There are 2 protein chains.
Amino acid sequence: MTLAETIAAIPLFEGLFPQQNETLARIARKMTFCREERIFSEGDDGRGLHVVVSGRVKIFKLSPSGKEQILHIFGPGDPFGEIALFSGRTYPAHAEAHSDCQVLFFPRREFAECIAADPSLAINMLAVLSQRLRKFAQLIEDLSLKEVPGRLAAYLLFLSRREGGSGKVTLEVTKGQLAGLLGTIPETLSRILAKMSRQGLIEVNGACIELRQIEELESLAQGESRLV
Amino acid sequence: MTLAETIAAIPLFEGLFPQQNETLARIARKMTFCREERIFSEGDDGRGLHVVVSGRVKIFKLSPSGKEQILHIFGPGDPFGEIALFSGRTYPAHAEAHSDCQVLFFPRREFAECIAADPSLAINMLAVLSQRLRKFAQLIEDLSLKEVPGRLAAYLLFLSRREGGSGKVTLEVTKGQLAGLLGTIPETLSRILAKMSRQGLIEVNGACIELRQIEELESLAQGESRLV
DNA sequence: AATCCGCTTTGACTCAGGTCAAGGTGGGAG
DNA sequence: CTCCCACCTTGACCTGAGTCAAAGCGGATT
């Protein structure tokens with residue numbers, strides 16, 4: 001896949017003036033990272049925009065005691081590190097290669113020129129940031145107003161819908177990672193999965209989980225009921 | 001203050017083509033709300049962008065059991081309800097007049113045309129959304145990785161810096177509201193304030209709080225120490 | 001096949017913080 | 001002045017979830 005094709009396949013760059021794609025291709029730098037390699041750290045000076053080409057990238061916060069809260073897990077086509085572009089200059093969180101991955105990098109100044117030159121790019125960017133805000137608002141609600149079983153139920157239902165609502169989902173992250181995503185720790189997650197199994201809400205088989213009582217899971221996710 | 005002057009004073013609209021201000025003035029609608037009046041609710045269809053003119057507006061999430069998590073308290077010049085403009089169509093949270101207030105409203109379609117017509121507006125909007133994301137990332141970190149005393153300490157330090165670092169701050173919200181802002185409840189907040197007083201970290205006098213041991217508060221805010 | 005190592009599960013314990021209920025306290029209305 | 005109501009504080013209690021420690025359980029390596 002050529003660089004131009006790669007860029008054309010990125011949703012953020014859809015609907016641009018054709019010459020913008022060329023400009024973007026000219027200023028892009030391709031970088032590769034190994035699994036677990038740090039891409040940038042919270043507080044680092046943001047030098048530009050990143051876009052995942054292949055593999056997965058984890059964006060996360062870390063507490064002094066080592067607990068991690070995952071903010072996003074991004075895959076091919078997803079931009080990241082945008083916040084440092086438009087406000088302040090520093091990254092608000094850490095970014096790490098979740099698997100071996102390739103990333104396109106667009107230097108700040110040149111990318112800013114592209115945005116000024118093509119309103120579509122700005123509008124696409126606004127859409128991306130809005131989606132992030134929406135997701136964050138949801139995460140804040142979950143962390144502040146729901147208990148772990150509720151968050152887990154919400155996440156499972158989300159996965160199930162994304163995969164076509166078959167009622168069967170496959171975790172693409174380890175359970176430890178899932179705990180980080182839900183704002184808890186592996187032990188607690190494990191207990192809750194066990195409890196949900198015992199109640200017949202779900203059936204767990206390694207990374208594969210079958211949702212057996214959607215109704216009940218939904219009421220859990222809404223915080224309307226609790227796990228006994 | 002004329003409508004044009006009001007609009008010219010909004011940071012979001014700084015640096016636009018002059019005729020944009022006129023367009024904005026033409027499409028703007030002024031609305032007034034009484035204290036506690038609902039401006040919009042989570043899930044409502046978003047019809048446009050709001051900007052606070054006077055008074056304060058509270059943006060918040062609500063749990064089924066009635067606990068509230070405040071996301072923002074906005075004052076004059078702050079835009080809100082933007083997420084529904086650029087992604088999905090529904091508001092992700094509730095908005096309520098925190099005091100009697102006036103709000104400018106820009107209908108979605110007309111405002112979208114303004115954005116397409118003037119890159120500066122799009123860029124200003126990107127800056128606004130980025131700041132919001134940064135703030136949310138911080139709130140997520142606080143909720144997930146810090147305990148209530150740490151969040152409170154961070155908030156007090158934040159206020160103190162914003163007011164010039166004098167070490168004396170005045171709460172402009174009730175303690176109950178502050179609890180909602182910190183993701184806890186009034187009782188817990190009250191206990192922690194009492195404990196901090198007892199330790200000599202702060203001195204409370206109604207809505208006025210004096211920070212007496214900045215060092216210690218900072219280490220609390222970083223999650224490096226705990227409140228005994 | 002044997003070893004190892006990372007992930008996961010389970011149990012026992014602790015504790016931050018939420019719930020419920022009972023007073024304080026202070027400012028505005030009559 | 002005093003009554004009231006909304007806000008705040010305090011106490012007793014409970015529970016969700018984190019910590020620590022000890023096994024399971026595979027999959028990969030040799």
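The relative contact order of chain A comes to 20 percent, based on Cα pairs under 8 Å that sit 6 or more residues apart. If R0 equals 30 Å, the separation of the Cβ atoms of residue B:34 and residue B:131 corresponds to a calculated FRET efficiency of about 0.55. Counting only whole DSSP H helices of chain A, the ones at least 30 Å long by C-alpha along their axis and with mean Kyte-Doolittle hydropathy no lower than 0.5 are A:119-145. For the stretch A:147-221, relative contact order (Cα pairs under 8 Å, six or more residues apart, normalised by length) works out to 42 percent. Between residue B:208 and residue A:204, the modelled labels are 5.5 nm apart [label points 7 Å from Cα along Cα→Cβ]. Considering only B:104, B:133, B:143, the mean-square fluctuation computed in a Gaussian network model of chain B, springs between alpha carbons under 10 angstrom, is largest for B:133. Along the axis of the charge dipole computed for chain B (Cβ charges of +1 for Lys and Arg, -1 for Asp and Glu, origin at the Cα centre), the listed residues B:189, B:177, B:165 are led at the positive end by B:189.
First check a/c for the stretch A:3-136, with a ≥ b ≥ c the square roots of the eigenvalues of its C-alpha gyration tensor; if it is under 1.5, answer rounded, and if not, answer prolate when a/b is larger than b/c or oblate otherwise. Write out the running numbers ahead of the final one.
Details: a/c = 1.87, a/b = 1.52, b/c = 1.23.
Cα axes put the stretch A:3-136 in the prolate bin.
For residue A:71, the amide hydrogen comes within under 5 Å of the amide hydrogens of A:59, A:60, A:61, counting only partners 5 or more places away or on other chains and with H modelled in the peptide plane.
Can you give the Rg to Rh ratio of the protein assembly as shown, both from alpha-carbon atoms, with Rh computed by the Kirkwood formula? Let's see the in-between values first.
On the way: Rg = 23.0 Å, Rh = 23.8 Å.
Ratio value, two decimals: 0.97.
When a/c is below 1.5 the answer is rounded, else prolate if a/b is larger than b/c, else oblate, so apply that to the stretch B:32-108 with a ≥ b ≥ c taken from the square roots of the Cα gyration tensor eigenvalues. Verdict is oblate for the stretch B:32-108.
Counting Cβ atoms of other protein chains within 10 Å of each Cβ in A:179-188 and taking the mean gives 1.
Taking 7 Å steps out from each Cα toward its Cβ at residue B:90 and residue B:120 produces label points 3.7 nm apart.
So if each residue of separation counts as 0.36 nm, and I subtract the Cα-Cα distance between residue A:14 and residue A:65, what length gain in nm does that give? Show your work: numbers first, answer last.
Details: separation 51, 0.36 × 51 = 18.36 nm, distance 4.19 nm.
Roughly 14.2 nm would be gained on extension.
Placing pseudo-labels 7 Å out from each Cα toward the beta carbon at residue A:224 and residue A:112 gives an inter-label distance of 4.9 nm.
Could you identify which residue out of A:65, A:130, A:87 has the top mean-square fluctuation in a GNM of chain A using Cα springs shorter than 10 Å? Fluctuation is largest for A:65. Ascending distances from the residue B:77 label point to its copies in the other chains, with the point 7 Å along the Cα-to-beta-carbon line: 4.0 nm.
Within a 10 angstrom radius of each residue's Cβ in A:119-126, how many Cβ atoms of other chains show up on average? Whole number is fine.
Numbers: counts 7, 2, 2, 9, 7, 1, 7, 11.
Rounded to a whole number, the mean comes out at 6.
As a calculated quantity, the FRET efficiency between residue A:22 and residue A:102 at R0 = 22 Å, using C-beta atoms, amounts to about 0.60.
How would chain A be classified by its alpha-carbon gyration tensor: rounded, prolate or oblate, with rounded meaning a/c under 1.5 and the a/b versus b/c comparison settling the rest? Prolate is the answer for chain A, as a/c is 1.5 or above and a/b outweighs b/c.
Distances between copies of residue A:207, taken at a point 7 Å out from Cα along the Cα→Cβ vector and listed shortest first: 5.5 nm.
Run lengths n ≥ 4 of DSSP H only: what is the helix-derived mean residue ellipticity at 222 nm for the protein assembly as shown, with -39500 (n - 2.57) per run over all residues, to the nearest 500?
-13500 deg cm²/dmol
Ignoring lysines fewer than eight residues from residue B:67 along the same chain, the ones with Cα atoms less than 19 angstrom from its Cα are A:146, B:58, B:175. Toward the positive end of the charge dipole of the protein assembly as shown, with +1 on the Cβ of Lys and Arg and -1 on the Cβ of Asp and Glu, the farthest Cα among A:7, A:32, A:18 is that of A:32.
Using the Cβ-Cβ distance between residue A:185 and residue B:191 with R0 set to 22 Å, the FRET efficiency from 1/(1 + (r/R0)^6) comes to roughly 0.30. Ascending distances from the residue B:135 label point to its copies in the other chains, with the point 7 Å along the Cα-to-beta-carbon line: 2.1 nm. Which residue fluctuates most in the GNM of chain B (Cα springs below 10 Å): B:19, B:177, B:102? Residue with maximal mean-square fluctuation among B:19, B:177, B:102: B:19.
Bear in mind these aren't lab numbers, they're just calculated from the coordinates by the rules spelled out. Source: prediction; values computed, not measured. Counting neighbours? That spans all protein chains shown, and the Cβs are built from the backbone with ideal geometry, glycine included.
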